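First comes the structure, then the notes that go with it.
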Amino acid sequence: MSISKKKIIHYLSTTSKGEINKLFSKANALTEKLYQNKIHFRGIIEFSNICEKNCCYCGLRKDLKIDRYQMTKEDILKCAKFCSDMGYGSIVLQSGELTTDKRLEFLINIISTIKKKYNLGMTLSLGELPKESLKELFKAGGHRYLLRIETSNEKLYKKLHPNDKNHSFQNRLNALENLKSLGYQVGTGVMIGLPFQTYEDLANDILFFKDFDVDMLGMGPYVPHPKTPLYKSPPILKDNFTLSLKMVALSRLVLKDVNIAATTALQVFDKQGREKALLAGANILMPIVTPTDLRKNYLIYPDKPCVEDTKEKCFNCITGRLKSIKKEMGQNNWGDSKHFYRRTKK
Ligand code: SAM
Ligand code: SF4
């Protein structure tokens, strides 16, 4: 199905329930053709909230006074073991952005240990690191990387970030290019319903994903955080939950064989948010496995789901949710992006 930009904008703006449901069913049918009813899991370990950046929307931004932490190697390995025992197949190591040599060495050690002990699929989500660091992490065993472009509109990007060289749009693009040239499976994504954002911006985001030839997508609704500078600017677009589902569905139909995550932020707006995304084109789930006592310090946005839960409870909850929509976990499988293998002809 080829969809023009005009048609994408039409779908993003339509309020016709019939049209919206048809869009979701088409996206789900294509997803099931590609992956049957299998959903691949990545247990997400939010191993540190220390961040050098000051993104104007984020609850971890450097200027905010929150309790900062970094998990120990031992605690991270416990989380990885849990994922291995539960058959998740993959993990995501996620943190604030920190470019020190000490952090790099720590990560190389952790990643190679996890690969040796558990051979899990390994996605990294560590922000914009220098190319040399990304190379080292790839060598250690990181093979997928998530770095959202946040918005493909450079002018809007500038409104979302401080005006300095650390937060430049060009740097973000360069980092994505570096990831691709180093051989990573590259994931990106945007926040949906941002202040100043229009339907046209979102349509352009999907075209950007296509042009950049991404392998994976992680998109979710923007959740205003009262302690951040962006809070004072109210979004223009309404109902960013349905809009997020539409973005998932349209991305599936335009990009086809990429991996698309049903992100946790969807659940802020609807208790069944993630299931709804899995019925609208998503095929990846990222259950949180961060130790419960640390979750309250990784509040990227307010009302983050699962903050009081344990990793065991998250597992039971999520597998139950999957059953309710007749899907199941792709057990002990890395669930790599099919698109990556097509793109690189491996
Ligand atoms: N520091 C790394 C980075 O920026 O790529 C990884 C962690 S960062 C918290 C992960 C993602 O959280 C960001 O890419 C951003 O899209 C999302 N995020 C931050 N603040 C948000 C908010 N208020 N609402 C929704 N998503 C948000
Ligand atoms: Fe730091 Fe990532 Fe939040 Fe930006 S989005 S402030 S880099 S954690």
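Quick rundown of the values:
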item: Rh by Kirkwood over Cα pairs, then Stokes-Einstein D for segment 52-163 at 1.002 mPa s and 20 °C, µm²/s; result: 139
item: For segment 209-230 and segment 87-116, distance of Cα centres in Å; result: 22
item: Distance-filtered residues of segment 186-210 - backbone nitrogen under 16 Å, label point 7 angstrom along Asp303 Cα→Cβ; result: 192-194
item: The chain: most fluctuating residue of Cys83, Cys306, Cys317 per GNM, C-alpha cutoff 10 Å; result: Cys317
item: Under 5 Å, built H, 5+ apart or other chain: amide partners of Ile260; result: Leu217, Asn283, Ile284
item: Segment 195-346 - Kirkwood radius from inverse mean 1/r over Cα pairs (Å); result: 16.8
item: Amide H contacts of Asn37 (H built 1.01 Å from N, under 5 Å, at least 5 apart or other chain); result: none
item: Dipole magnitude of segment 5-344, debye to nearest 20 (Cβ charges: Lys/Arg +1, Asp/Glu -1, about Cα centre); result: 620
item: Solvent-accessible ranking of Asp293, Asp164, Asp309, largest area first, probe 1.4 Å; result: Asp293, Asp164, Asp309
item: Separation between Cα centres of segment 1-62 and segment 254-308, rounded to whole Å; result: 10
item: Residue pairs, from the table Lys271/Lys345; Lys227/Lys327; Lys210/Lys271; Lys81/Lys313, whose Cα atoms sit over 28 Å apart; result: Lys271/Lys345; Lys227/Lys327; Lys210/Lys271
item: Carbon/sulfur fraction of accessible area - the chain, other protein chains in place, 1.4 Å, %; result: 53
item: Surface per residue (accessible, 1.4 Å probe) for segment 64-182, Å²; result: 46
item: Residues His10 and Ile325, FRET efficiency given R0 of 25 Å [Cβ-Cβ distance, rounded to 0.05]; result: 0.35
item: Relative pair counts by distance (%), Cα atoms of segment 275-346, 5 Å bins; result: 3, 13, 18, 19, 19, 15, 8, 5, 1
item: Long-range amide H partners of Leu279 with built H, under 5 Å; result: none
item: Segment 157-316, relative contact order in percent, only Cα pairs under 8 angstrom and at least six apart counted; result: 19
item: Counting DSSP beta bridges with both ends in the chain, the antiparallel % (nearest 5); result: 5
item: Extended-chain gain in nm, criterion 0.36 nm per residue less alpha-carbon gap, Ser181 and Thr292; result: 36.3 nm
item: Whole-Hz couplings from phi, Karplus 6.51/-1.76/1.60, listed for segment 322-330; x for Gly and Pro; result: 5, 4, 4, 10, 6, 10, 9, 5, x
item: Selected from Pro305, Pro235, Pro130 as most flexible by GNM, with the chain as the system and alpha-carbon contacts under 10 Å; result: Pro130
item: Gain upon complete extension [Ser2, Asp85; 0.36 nm per residue less C-alpha separation]; result: 25.7 nm
item: Net charge, Leu322 excluded, C-beta distance under 12 Å - Lys, Arg +1, Asp, Glu -1; result: +4
item: When each of Lys131/Lys165; Lys5/Lys238; Lys73/Lys276 is checked by Cα-Cα distance, pairs over 25 Å; result: Lys73/Lys276
item: R0 of 25 Å, Cβ-Cβ distance Asp63-Lys117: FRET efficiency to nearest 0.05; result: 0.10
item: Taking the chain and dividing mean pair separation by its residue count, relative contact order in percent (alpha carbons under 8 Å, at least six apart); result: 25
item: In order through segment 67-80: 3J(HN,Hα) via Karplus (6.51 cos²θ - 1.76 cosθ + 1.60), integer Hz, x for Gly, Pro; result: 6, 8, 9, 9, 5, 7, 4, 4, 5, 5, 5, 4, 5, 5
item: Furthest towards positive pole of dipole, Leu134, Val214, Tyr231, structure part the chain, Cβ charges; result: Val214
item: Gained length - Lys139 relative to Asn174, 0.36 nm times residue gap less alpha-carbon distance; result: 10.6 nm
item: Value of [θ]222 nm, deg cm²/dmol, for the chain, DSSP H segments ≥ 4, -39500 (n - 2.57) each, nearest 500; result: -13500 deg cm²/dmol
item: Anisotropy class of the chain from Cα gyration tensor, a/c 1.5 cut; result: rounded
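The values are calculated or read from the model by the stated rules, or taken from the named source; none is laboratory data. None of the values given here were measured: they were computed from a predicted structure. Note that we place each Cβ from the backbone using ideal geometry, even for glycine, and neighbour counts take in every protein chain shown. These area figures cover heavy atoms from the full protein model, side chains too; ligands, DNA and RNA do not enter into them. Shrake-Rupley method; radii C 1.70, N 1.55, O 1.52, S 1.80 Å.
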